[in-house]
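The values are calculated or read from the model by the stated rules, or taken from the named source; none is laboratory data. What you are looking at is a predicted structure, and each value in this text was computed from that prediction instead of being measured. As a convention, Cβ positions derive from the backbone with ideal geometry for all residues, glycine included, and neighbour counts pool all protein chains shown. In case anyone asks, the SASA skips ligands and DNA or RNA and just uses the protein heavy atoms, side chains included. Shrake-Rupley method; radii C 1.70, N 1.55, O 1.52, S 1.80 Å.
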Amino acid sequence: MNAAAPNPGRAAARVAVVGLCAGWLAGCGPRATPPATPPGAERIVSLAPNLTEIVCAVGAADLLVGRSSACDYPPDIVARVPVAGDFGRPATERLLALRPTLVLAADLEDKSLPEGLRRAGIRFDVVNCRTLDDIPRAIREVGRLCGRGAEAEALAVRIERGIAERRAAADATARPVVYAELWHDPILTVGAGSFISEMIGLAGGRNLGDTVAREYFEASPEWVLAAAPDIILGLGMDGAADFEARLRARPGFAALRAVRERRIVTGIPPDLLLRPGPRVLEATDELKRRLAAAVERAAP
Amino acid sequence: MNRRIRGWFFAVLALAGLALCLAIGPGGFGWPDWGSPVGIARRERVAAGFVVGAGLATAGVLMQALLRNPLADPYVLGVSSGAALGAAAAIVLGAAGFAALPGSAFAGGALTLLLVYTVAAPRGRAPSLYAILLSGVIVSSVFGALLMMLISLAPAAGLRGITWWMLGSLQVPSAGLLRAAAVLVAAGWAAAFAFAPEWNALTLGADTAHNVGVRARAAVAGGLALATLTASAAVALAGLIGFVGLVVPHGARALVGADHRRLLPAAALGGGLLLTACDTLARSVHPSAEIPVGIVTALLGGPFFLYLLRRRKGWSA
Amino acid sequence: MTAAVETDRLCASYGGTPCLRDIDLRIPEGEMAALIGPNGAGKSTLLRVLTGQHPPASGGVRLFGRDVAALRPSERARWVAVAPQELLAPMPFTVEEIVGIGRTARLPRWSAPGPEHRRAVEEAMAWMDVLALRTRTFHELSGGERQRVVIAMALAQEPRLLLLDEPTSHLDVSHRLEILRLIERMNAERGLTVLLTSHDLNLAAEFCRRLLLLDRGRLVAEGPPDAVLREPLLREVYHCALRVRREDDGALTVRPVRPPRSAAPARPGANPSPPAE
């Protein structure tokens, strides 16, 4: 130790440098490894509606401690499980306050969230579930993550079989052309890359927008009219009640055969039809039933 | 070429252009069967383009005359922000009925003018042009902020709807709305045309207008009201389409001169033609998808305006 | 005979500040008169009151016997025309169109204008010698040409009374003469009553038979030039020494008098004593 009187400025600088290095080092180094959680003590937060449904479907509903504001099925979790943010936009403080051990998300706008969670010792997993074939895979993965492997496997197999059966049935029949409308102003429809297109296919129809490779796009009204679809499907995000009235008022649409003969399908709950999740088979059957009923309405 | 002859020549050209637009669609070139769904859709679409374009151009002519400023456009006094706010409120509140959106957009635009004029008027006297412009800028900013707030609260699908609406779209919800807008635009234009001498005089200033026998205060207020009427009707029908209201008056002036008796018909025709042509491009360039017409008007309007600026014949500014 | 312009104890103010006090003037029809006085005397304000643009605080203003405030704008515009000092035309109007704007009060609202309008416009342009410029754009013109166009626009109104606000202030000597000669012709040949404001006392004295001297809102003298242009009065009003002389050809001239070079420079506004004759 130096016997001379310390220079205050230099001492302050040294402290600052050492402090900075310490802080930086604290940030570096191996991540805090999350301690293995005993099964049953998991606290799961799901940030996507379809993942929430899967968690409940594999029997891990009691482990659910947080959900997104869009997660509304099964109905009993709405009252019981607190909200940790919006779909794709989690509220970080609320999320951390729930003390989760595992966070499941489908797709996150805020890419900094995973880093923050990992540093707090919370497991974070992105489970992509966007197409029909993703669903069984996602079920299995969620089952593994929640410790419900057996239930997940059973559900996944049932769904795989169900999808295969319906595909075969759909291929055997003539497919009506379905124009699916997502939004009315401007008119928005779904393309070949979308889940809805797959659902329509599985239910025995053919999506009009499949010529376009995008997930959804602003359609040209003339193109829809020229294609003269067999059935018009309102995807219910804008309120089913006056869908038909709005359709009729649109220039040219009242003259379409499908509109004149009222081959219009609306009212299927969006959370059933638009969500790639464990209820996919019920959704397909409902859609199939409604499409068949619409075809029946064709004038003799 | 004499201006009168140019005017008539342009009228013929415009009608030919409109006829051409009627023959173009995403499926290709050719007249559709006018009773078929495609035929009905196309003629209503072209009609909508004409009505909205004429309405915006008329409003632009009036604003430039009243504010004595060639850079004024129909939106300069906040009509756009007011109408956008009205439309956004309708979307966010989930107002039912397909007349809800255009109706609230129209109300928003009209009420904005009232607000701007009242804010600018000192204790009931007629406001100066400077005060009106300043008031318009302030009201626009405040409404813009409110609009951003509404957008942040909007549901996801509504959000996309508002964004597209702000870019402009000629997909009219119903023929009834198109007719209503057409009536408003036609009435507004006819009234503007009847008072063409007043606008001529007002471009020389309120003093000069007074001296040649114009009731300047009433004429300015009336002119602003007419401009807001036609602009709000256009915006309510088709959202915020830019450039047409700014550029077409200049093009028309270059063609037939600044006398409003010739300028108003030329601008209405020119605006209708320009917007219909841009929309024809927007709706036909891809076989099944559309691009927002506001993008086309900006891409075409911008360079055209630059060209007009470079000519700059006869401007004192 | 009815006077073209008659005011009766006219008072006017801007905001709370009075700028015209108790003005009693009478300009007979057919007169060519000039309003003179220093800056801020109220000349432009008086013109604005005469056209009804600025309401008087008290007192009456009558044009050809009718109260100005009672006249409808189109009526008034058929009687009184104003040629402003400066015209800013942001839109590319041609000369013919600008002159045509003068016809606004006389145009029929619901039908096409008849041939008399075209004729009136051409006549106005001919009077002011701007026919050759009829298709040119206003802003391309020189100052002198613009001034003639502005006066032509006023003439197109076919008024009985023409008010000109500083018609020559931006012009060089030859253009000043030109304009005033044209105006004088109109007054002489058409009986048009003319009231102009001017800073150029010499030209005002030369061309106008009647001068009205305003000082700080009051009419301090009214009458023929030799009655109004008196040295003591002018000194008091303009706060400087002015010499008034009658030239050999009978013209009256007013000239500022500079103090002799040996004297100390006077404070601005002080009244230097006139040098000994």
TODO: Would you check if there is a residue in the stretch A:216-224 being out of contact with any strand residue (DSSP E or B) (no Cβ under 6 Å at 6 or more places or on another chain) and more than 10 Å from chain B (Cβ to nearest Cβ)?
DONE: no
TODO: Collect the residues in the stretch A:51-76 that are of a type in the set (A, V, I, L, M) and over 14 Å from A:Ile135 (Cβ atoms), keeping them in residue-number order.
DONE: A:Ala60, A:Ala61, A:Leu63, A:Leu64, A:Val65, A:Ala70
Task: Test result for C:Arg109, over 25 Å from the mean Cα position of the chain (by Cα) and either within 8 Å of chain B (Cβ to nearest Cβ) or in a loop (DSSP other than H, G, I, E, B) (or both) - done: yes
- [ ] Using the structure shown, decide if B:Ala209 is within 14 Å of chain C (Cβ to nearest Cβ), surrounded by fewer than 24 Cβ atoms within 10 Å (Cβ to Cβ), of a type in the set (A, V, I, L, M) and over 22 Å from the mean Cα position of the chain (by Cα).
- [x] no
Task: Residues being more than 9 Å from chain B (Cβ to nearest Cβ), open to solvent by less than 20 Å² (accessible area, probe 1.4 Å) and of a type in the set (Phe, Trp, Tyr) - total across the stretch C:65-106 - done: 0
TODO: Test B:Arg179 against the criterion of being modelled with pLDDT under 95, assigned to a helix (DSSP H, G or I) and at positive phi, and give yes or no.
DONE: no
Task: Set B:Gly294, B:Gly257, B:Gly270: member being crowded, with 21+ Cβ neighbours inside 10 Å and at positive phi - done: B:Gly257
Task: Any chance A:Ala249 is in contact with a Lys or Arg (Cβ under 6 Å, 6 or more places away or on another chain), within 19 Å of B:Ala41 (Cβ to Cβ) and of a type in the set (A, V, I, L, M) - done: no
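The rows are residues; the columns are (1) more than 12 Å from the chain's Cα centre (by Cα); (2) modelled with pLDDT of 95 or more; (3) away from every other protein chain (no Cβ under 12 Å).
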{"site": "B:Val46", "(1), (2), (3)": "yes, yes, no"}
{"site": "B:Gly53", "(1), (2), (3)": "no, yes, yes"}
{"site": "B:Leu56", "(1), (2), (3)": "no, yes, yes"}
{"site": "B:Gly78", "(1), (2), (3)": "yes, no, yes"}
{"site": "B:Ser81", "(1), (2), (3)": "yes, no, yes"}
Open item on the list: Given the condition part of a strand (DSSP E or B), surrounded by fewer than 20 Cβ atoms within 10 Å (Cβ to Cβ) and either free of Cβ contacts under 8 Å to residues at least 40 places away in the same chain or not aromatic (Phe, Trp, Tyr) (or both), answer yes or no: does some residue in the stretch A:95-111 qualify?
Closed with: no
TODO: Would you please name the residue that is nearest to the other protein chains (Cβ to nearest Cβ), looking only at residues in the stretch A:171-186 that are open to solvent by less than 40 Å² (accessible area, probe 1.4 Å) and in contact with a Lys or Arg (Cβ under 8 Å, 6 or more places away or on another chain)?
DONE: A:Trp183
Open item on the list: So, A:Thr92, is that one in contact with a Lys or Arg (Cβ under 7 Å, 6 or more places away or on another chain), farther than 14 Å from A:Ala48 by Cα, open to solvent by less than 60 Å² (accessible area, probe 1.4 Å) and of a type outside the set (A, V, I, L, M) or not?
Closed with: no
- [ ] Can you give me the ranges of the helices (runs of 4 or more DSSP H) entirely in the stretch A:252-300 with at least 1 residues that are open to solvent by 20 Å² or more (accessible area, probe 1.4 Å) and touching a residue at least 40 places away in the same chain (Cβ under 8 Å)?
- [x] A:270-273, A:280-296
TODO: Could you pull out the residue among B:Ala267, B:Ala231 that is within 14 Å of another protein chain (Cβ to nearest Cβ), of a type outside the set (Lys, Arg) and either under 28 Å from B:Ala206 (Cα atoms) or in contact with a strand residue (DSSP E or B) (Cβ under 8 Å, 6 or more places away or on another chain) (or both)?
DONE: B:Ala267
TODO: Considering only the stretch A:58-81, state which residues are open to solvent by less than 50 Å² (accessible area, probe 1.4 Å) and either among the small types (Gly, Ala, Ser) or assigned to a loop (DSSP other than H, G, I, E, B) (or both).
DONE: A:Val58, A:Gly59, A:Ala60, A:Ala61, A:Gly66, A:Ser68, A:Ala70, A:Cys71, A:Pro74, A:Val81
Task: Selected residue [under 30 Å from A:Leu233 (Cα atoms) and either open to solvent by less than 20 Å² (accessible area, probe 1.4 Å) or small (Gly, Ala, Ser) (or both)] from A:Gly121, A:Gly162 - done: A:Gly162
Open item on the list: So, A:Arg246, is that one in contact (Cβ under 8 Å) with a residue 60 or more places away in the chain and within 14 Å of another protein chain (Cβ to nearest Cβ) or not?
Closed with: yes
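So that you can scan it fast, the table gives a plain yes or no per residue for (1) open to solvent by 10 Å² or more (accessible area, probe 1.4 Å); (2) of a type in the set (A, V, I, L, M); (3) within 22 Å of B:Gly245 (Cα to Cα):
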| residue | (1), (2), (3) |
| --- | --- |
| B:Arg6 | yes, no, yes |
| B:Ala14 | no, yes, yes |
| B:Gly30 | yes, no, no |
| B:Ser36 | yes, no, no |
| B:Gly49 | no, no, yes |
| B:Gly55 | no, no, yes |
| B:Thr58 | no, no, yes |
| B:Val61 | no, yes, yes |
| B:Ala72 | no, yes, yes |
Open item on the list: Condition first: in contact (Cβ under 8 Å) with a residue 40 or more places away in the chain, hydrophobic (A, V, I, L, M, F, W, C) and out of contact with any Lys or Arg (no Cβ under 8 Å at 6 or more places or on another chain). Can you find one or more residues in the stretch C:131-139 that meet it?
Closed with: no
- [ ] For residues that are within 14 Å of C:Ala204 (Cα to Cα), at pLDDT below 90 and not in a loop (DSSP other than H, G, I, E, B), tally how many sit in the stretch C:162-179.
- [x] 5
Task: Residue match in the stretch C:146-163 (condition: out of contact with any strand residue (DSSP E or B) (no Cβ under 8 Å at 6 or more places or on another chain) and of a type in the set (Val, Ile, Thr)) - done: yes
TODO: Kindly establish whether C:Pro260 is surrounded by fewer than 18 Cβ atoms within 10 Å (Cβ to Cβ) and at pLDDT below 90.
DONE: yes
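To keep it simple, each residue is scored yes or no on (1) within 14 Å of chain C (Cβ to nearest Cβ); (2) touching a Lys or Arg at 6+ places or on another chain (Cβ under 8 Å); (3) open to solvent by 10 Å² or more (accessible area, probe 1.4 Å); (4) over 21 Å from B:Ala88 (Cβ atoms).
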site: B:Gly109; (1), (2), (3), (4): no, no, no, no
site: B:Leu113; (1), (2), (3), (4): no, no, yes, no
site: B:Ala121; (1), (2), (3), (4): no, no, yes, yes
site: B:Leu150; (1), (2), (3), (4): no, no, yes, no
site: B:Trp164; (1), (2), (3), (4): no, no, yes, no
site: B:Leu178; (1), (2), (3), (4): no, no, yes, yes
site: B:Val183; (1), (2), (3), (4): no, no, yes, yes
site: B:Ala192; (1), (2), (3), (4): yes, no, no, yes
site: B:Thr203; (1), (2), (3), (4): yes, yes, no, yes
Open item on the list: Being of a type in the set (Ser, Thr, Tyr), in a loop (DSSP other than H, G, I, E, B) and open to solvent by 60 Å² or more (accessible area, probe 1.4 Å) is the filter here; which residues of the stretch C:1-54 pass it?
Closed with: C:Thr2
Open item on the list: Quick test for you: out of A:Gly209, A:Gly143, pick the one residue that is small (Gly, Ala, Ser), buried (at least 23 other Cβ atoms within 10 Å of the Cβ), assigned to a helix (DSSP H, G or I) and within 14 Å of another protein chain (Cβ to nearest Cβ).
Closed with: A:Gly209
